[in-house]
Amino acid sequence: MSTMTARPITGPAAWHGRDLARSTDWIRSITAAAVAELDAALAAVKARGLAWRDIRREDFPLRGFGAELAAVAHELEHGCGVVLLRGLPVARYTEDELRQLYWGIGTHLGAARYQNAHGELIGEVRDELRAYGAVNQPGVAQPDGAPVTSRYKARSSGPLRFHTDRADVVGLLCVRQARSGGVSKIVSSAAINNAILARRPDLHALLRQDYYRTREGEERGGDRRWYALPVFGVREGRFTSQYSRTFVEAAQRIPGIPRITPAQDEALDLLAEVADELCFEMELQAGDIQLLNNHVIYHARTAFEDDESAGRDRLLYRLWLSMPNSRALPPGFEVLWGSIEPGALRGGIAQS
């Protein structure tokens with residue numbers, strides 16, 4: 001719980017959806033020269049027989065594009081927190097080659113973190129219910145931060161509510177679009193913080209205090225089925241927010257967890273309302289890589305429909321990245337992140 005007086009968050013991270021709509025500064029083209037570098041790096045790792053998860057940064061040299069990716073990392077941490085890399089020619093590569101390329105790009109940004117207790121490092125975002133006949137695996141968290149019992153399943157075609165992932169940065173590479181739907185919704189949590197502070201400082205104060213969240217379905221081992229963390233936090237002037245209402249709701253089913261108060265519930269209602277007001281909607285195209293700083297951005301998705309016969313079955317590859325230029329986090333946040341120090345290797349799901 002913070003005892004400091006709350007102040008609005010200033011700077012480029014506190015944007016409104018209309019700001020992104022009238023700007024293209026956050027969109028960066030993957031140039032022909034960058035693709036040539038990527039192809040050369042891919043050919044080199046294939047010649048050595050390196051599997052994607054064995055590729056290190058030094059195995060995947062990107063002299064010119066690597067400098068661009070360093071600028072991307074800076075923008076994610078110190079700018080608006082959103083970058084879209086556009087133009088990777090995904091159709092020319094096999095899915096194995098795309099994993100090698102995407103992993104190689106990721107090594108120039110940060111360190112990949114596990115996305116579930118089964119060691120998933122590149123997640124596949126698709127309608128698994130349609131493809132495989134089953135969505136959930138025992139003990140596997142849904143990537144939207146939802147426990148396996150939730151109807152908001154990131155591994156199905158249903159909608160996802162606004163949430164953060166458990167990593168400094170989440171990246172999504174769009175391989176194929178759905179026939180319809182699947183619109184990405186992003187919003188500045190810093191702007192949400194400011195709006196709630198202005199409208200309802202009483203509810204803002206509650207969001208700076210602990211909410212209980214479940215760990216069920218998130219990781220194996222350990223006696224703690226829950227943890228407590230504020231929705232909003234600030235350290236050394238740097239804002240952070242960790243939010244998934246589904247985890248908060250699921251924690252209420254755990255014996256001994258304090259009951260959420262009507263005022264706490266009202267604060268989450270207002271947060272959801274403001275998120276919809278301030279968000280920006282975008283349709284990811286094949287070859288887009290969307291990169292989001294989870295400390296300052298919430299993301300959501302509309303429902304989608306596939307048409308496999310027409311090659312329109314939605315597929316995205318997801319990376320969770322720990323960033324070497326990441327911000328310091330407030331005391332107490334180590335319960336989720338492992339370390340709160342700037343630049344620390346942190347986040348992801350612990351492996352048993």
Legend entry - Single residue of segment 40-71 satisfying the filter (more than 18 Å from Tyr317 (Cβ to Cβ) and of a type in the set (Asp, Glu)) that is most open to solvent (accessible area, probe 1.4 Å): Glu58
Legend entry - Pairs, first assigned to a helix (DSSP H, G or I) in segment 14-34, second open to solvent by less than 90 Å² (accessible area, probe 1.4 Å) and of a type in the set (Phe, Trp, Tyr), C-beta under 7 Å, six or more apart: Gly17/Phe280; Leu20/Trp26; Leu20/Phe280; Ala21/Phe280; Ala34/Phe65
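Is it the case that some residue within segment 118-137 is assigned to a helix (DSSP H, G or I), modelled with pLDDT of 55 or more, farther than 22 Å from Glu249 by Cα and more than 18 Å from the chain's Cα centre (by Cα)?
In the first step, residues of segment 118-137 are kept if they are assigned to a helix (DSSP H, G or I); the result is 128-132.
Subsequent filtering for residues that are modelled with pLDDT of 55 or more retains none.
Checked segment 118-137: no residue is assigned to a helix (DSSP H, G or I), modelled with pLDDT of 55 or more, farther than 22 Å from Glu249 by Cα and more than 18 Å from the chain's Cα centre (by Cα).
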Inset, instruction - Please state which of the following conditions Ala73 fails to meet, knowing it meets all the rest: (1) within 30 Å of Pro330 (Cβ to Cβ); (2) within 21 Å of the chain's Cα centre (by Cα); (3) part of a loop (DSSP other than H, G, I, E, B). - result: (3)
Legend entry - Contacts under 7 angstrom Cβ, first residue in segment 294-318 being farther than 25 Å from Ala191 by Cα and among the acidic types (Asp, Glu), partner in a strand (DSSP E or B) and modelled with pLDDT of 70 or more, 6 or more apart: Asp313/Arg176
Legend entry - segment 40-56, subset part of a helix (DSSP H, G or I) and within 27 Å of the chain's Cα centre (by Cα), residue nearest to Gln100 (Cα to Cα): Trp52
Legend entry - Matching residues, segment 222-235, being out of contact with any helix residue (DSSP H, G or I) (no Cβ under 6 Å at 6 or more places or on another chain) and open to solvent by 40 Å² or more (accessible area, probe 1.4 Å): Gly222, Asp223, Arg224, Arg225, Val234, Arg235
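Just to be sure I understand, how many residues within segment 76-117 are within 19 Å of the chain's Cα centre (by Cα) and more than 20 Å from Gln177 (Cα to Cα)?
Taking segment 76-117 first, the residues within 19 Å of the chain's Cα centre (by Cα) are 76-86, 99, 102-117.
Restricting the remaining residues to those that are more than 20 Å from Gln177 (Cα to Cα) gives 76-82, 103-117.
Result for segment 76-117: 22.
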Inset, instruction - Select from segment 328-347 the residues that are at pLDDT 95 or above and within 16 Å of the chain's Cα centre (by Cα) and write down the one among them that is farthest from Thr107 (Cα to Cα). - result: Trp337
Inset, instruction - Kindly provide the set of residues from segment 236-275 that are touching a residue at least 60 places away in the same chain (Cβ under 8 Å) and either of a type in the set (Ser, Thr, Tyr) or open to solvent by 50 Å² or more (accessible area, probe 1.4 Å) (or both), ordered by number. - result: Glu236, Arg238, Thr240, Ser241, Tyr243, Ser244, Thr246, Glu266
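Can you tell me which residues in segment 253-267 are of a type in the set (S, T, N, Q) and assigned to a helix (DSSP H, G or I)?
Taking segment 253-267 first, the residues of a type in the set (S, T, N, Q) are 261, 264.
Answer for segment 253-267, where residues must be of a type in the set (S, T, N, Q) and assigned to a helix (DSSP H, G or I): just Gln264.
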Legend entry - Sole residue being among the hydrophobic types (A, V, I, L, M, F, W, C) and either at pLDDT below 90 or under 19 Å from Arg314 (Cα atoms) (or both), chosen from Val140, Val187, Val169: Val140
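Among the residues of segment 72-115 satisfying the criterion of being among the small types (Gly, Ala, Ser) and under 12 Å from Leu38 (Cβ atoms), which is least open to solvent (accessible area, probe 1.4 Å)?
By that ranking, first place goes to Gly104.
The values are calculated or read from the model by the stated rules, or taken from the named source; none is laboratory data. Owing to the predicted nature of the structure, the values given are computational and were not obtained by experimental measurement. Positions of Cβ are generated from backbone atoms using ideal geometry, with glycine treated the same way; all protein chains shown enter the neighbour counts. Surface accessibility is based on the protein's heavy atoms, side chains included, excluding ligands, DNA and RNA. Shrake-Rupley method; radii C 1.70, N 1.55, O 1.52, S 1.80 Å.
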